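Data first, discussion second: the structure below is written as structure tokens.
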Amino acid sequence: VQLQASGGGLVQAGGSLRLSCAAPRTITSVFNSLNMAWYRQAPGKQRELVARITPGGSTNYVDSVRGRFTISRVNARKTVHLQMKSLKPEDTAVYYCNAERTGTNYWGQGTLVTVSS
């Protein structure tokens, strides 16, 4: 089971990107009950949780992105998005989509975001 993440790229500081993640067919039937999240891993650093959205739409963010990033989900399309604005060089990382329910985690292959100064 692999989530399909897309939307990464190279952007200048202050710019915006929108990441998307689509659930594979094997979990679309339970998508509405999944906690969805975006993680990121910068070179030489541990993977960190960036944003999370529950089945009911509650969200939480790591302090460093709060007010700049917005996570959303479209249950009808089995997708989750991460709108990123006012990007900073320190946002440079591989971003991973994650789905979780009852302790079972599903991951995507990651999409690279590079923010130039």
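The values are calculated or read from the model by the stated rules, or taken from the named source; none is laboratory data. Since the structure is predicted, the reported quantities are computational estimates derived from the model, not experimental observations. Cβ sites come from the backbone with ideal geometry, for glycine too, and all protein chains shown count toward neighbours. Areas reflect the complete protein model, heavy atoms only, side chains present, ligands, DNA and RNA absent. Shrake-Rupley method; radii C 1.70, N 1.55, O 1.52, S 1.80 Å.
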Those residues of the stretch 60-79 which are within 21 Å of GLY15 (Cβ to Cβ) and outside any loop (DSSP other than H, G, I, E, B) amount to TYR61, ARG66, PHE69, THR70, ILE71, SER72
Given (1) part of a strand (DSSP E or B); (2) open to solvent by less than 50 Å² (accessible area, probe 1.4 Å), index of the condition GLY57 fails
(1)
Which of the following residues is of a type in the set (A, V, I, L, M, F, W, C) and either over 21 Å from GLN109 (Cβ atoms) or open to solvent by 50 Å² or more (accessible area, probe 1.4 Å) (or both): LEU34, LEU17, LEU87?
LEU87
Count, please, the residues in the stretch 8-51 that happen to be among the charged types (D, E, K, R), under 14 Å from the mean Cα position of the chain (by Cα) and assigned to a loop (DSSP other than H, G, I, E, B).
1
Kindly provide the set of residues from the stretch 90-113 that are buried (at least 16 other Cβ atoms within 10 Å of the Cβ) and more than 13 Å from the chain's Cα centre (by Cα), ordered by number.
THR92
How many residues are part of a strand (DSSP E or B), touching a residue at least 24 places away in the same chain (Cβ under 8 Å) and within 21 Å of ARG47 (Cβ to Cβ) when one looks only at the stretch 84-117?
18
Residues of the stretch 1-14 being open to solvent by less than 30 Å² (accessible area, probe 1.4 Å), touching a Leu at 6+ places or on another chain (Cβ under 7 Å) and of a type in the set (A, V, I, L, M, F, W, C), in sequence order, are ALA5, VAL11
